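Asks: I have a structure here, written as structure tokens, and I will follow up with some questions on it.
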Amino acid sequence: MNASDIDTLFKTIAEIAEKEFQDIVTFTNRIDEKLRIFLIDKSYVDIWFSRKLKGRYAYHWEHTHIRGKIHRHDNIPHQKWSPIKTFPKHFHNDEEAKVQESTIDDDPEIGLRVFLEFIRQKLKDYGVI
């Protein structure tokens with residue numbers, strides 16, 4: 001994916017986040033190679049798409065500073081996760097070393113919606129909304 005394609009994609013997914021998830025998203029901001037989505041509980045989501053390797057991505061929810069947890073879907077082919085059925089796709093659930101299958105959609109718009117819906121539910125479970 002070239003820089004222009006990523007710029008366009010980031011604009012599209014920023015609009016999705018800000019319009020469809022305005023109950024949990026406060027604002028979005030482009031930071032270098034990532035789109036950062038700021039959430040109502042002061043946590044954030046970083047979205048990254050590779051410019052060099054087509055289809056390579058990461059959806060990372062950083063909330064270690066609040067709950068000591070992270071959640072991340074990515075498809076970086078780390079060999080230690082090769083036993084995972086969906087490898088190279090995998091999901092870091094609560095912590096970096098706790099990894100399971102990832103069924104997130106490869107389409108970035110659908111993937112974003114699925115991930116933000118997951119976060120919305122978690123925020124409900126945590127009593128934030």
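The values are calculated or read from the model by the stated rules, or taken from the named source; none is laboratory data. Treat the numbers as computed from the prediction; the structure is a model and nothing was measured. Neighbour counts run over all protein chains shown; Cβ positions are idealised from the backbone, glycine included.
Asks: Return a yes/no flag: does segment 89-101 have any residue that is part of a loop (DSSP other than H, G, I, E, B), under 14 Å from the mean Cα position of the chain (by Cα) and under 22 Å from I6 (Cα atoms).
Replies: yes
Asks: Out of segment 96-116, which residues are in contact with a Gly (Cβ under 8 Å, 6 or more places away or on another chain), modelled with pLDDT of 95 or more and not hydrophobic (A, V, I, L, M, F, W, C)?
Replies: So in segment 96-116, the residues in contact with a Gly (Cβ under 8 Å, 6 or more places away or on another chain) come out as 104-106.
Now narrow it down to the ones that are modelled with pLDDT of 95 or more: 104-105.
Residue satisfying the conditions is D105 alone.
Asks: Next question, about the same structure. Anything in segment 46-82 that is modelled with pLDDT of 95 or more and at positive phi? List them, or say none.
Replies: Result: G68, single match.
Asks: It is to be established whether one or more residues within segment 27-45 are at negative phi, assigned to a strand (DSSP E or B) and hydroxyl-bearing (S, T, Y).
Replies: yes
Asks: Just checking, does segment 71-83 include any residue being in contact (Cβ under 8 Å) with a residue 12 or more places away in the chain, surrounded by fewer than 19 Cβ atoms within 10 Å (Cβ to Cβ) and of a type in the set (D, E, K, R)?
Replies: No, segment 71-83 contains no residue that is in contact (Cβ under 8 Å) with a residue 12 or more places away in the chain, surrounded by fewer than 19 Cβ atoms within 10 Å (Cβ to Cβ) and of a type in the set (D, E, K, R).
Asks: Quick check on segment 42-54. Is at least one of its residues surrounded by fewer than 17 Cβ atoms within 10 Å (Cβ to Cβ) and over 23 Å from M1 (Cβ atoms)?
Replies: For segment 42-54, residues surrounded by fewer than 17 Cβ atoms within 10 Å (Cβ to Cβ) and over 23 Å from M1 (Cβ atoms): present.
Asks: May I ask you to verify whether T28 is among the β-branched types (V, I, T) and under 16 Å from E95 (Cα atoms)?
Replies: Values: among the β-branched types (V, I, T): yes; under 16 Å from E95 (Cα atoms): no.
For T28, the condition - among the β-branched types (V, I, T) and under 16 Å from E95 (Cα atoms) - is not met.
Asks: Further question: Taking segment 100-129 on its own, how many of its residues are in contact with a helix residue (DSSP H, G or I) (Cβ under 9 Å, 6 or more places away or on another chain), farther than 14 Å from Y59 by Cα and aliphatic (A, V, I, L, M)?
Replies: Residues flagged as in contact with a helix residue (DSSP H, G or I) (Cβ under 9 Å, 6 or more places away or on another chain), farther than 14 Å from Y59 by Cα and aliphatic (A, V, I, L, M) within segment 100-129 amount to 2.
Asks: Next up: Note down all Cβ pairs under 6 Å where the first residue falls in segment 1-18 and is outside any helix (DSSP H, G or I), the second is of a type outside the set (S, T, Y) and surrounded by 14 or more Cβ atoms within 10 Å (Cβ to Cβ), and they're at least six residues apart or on different chains.
Replies: Cβ pairs passing all conditions: M1/F49.
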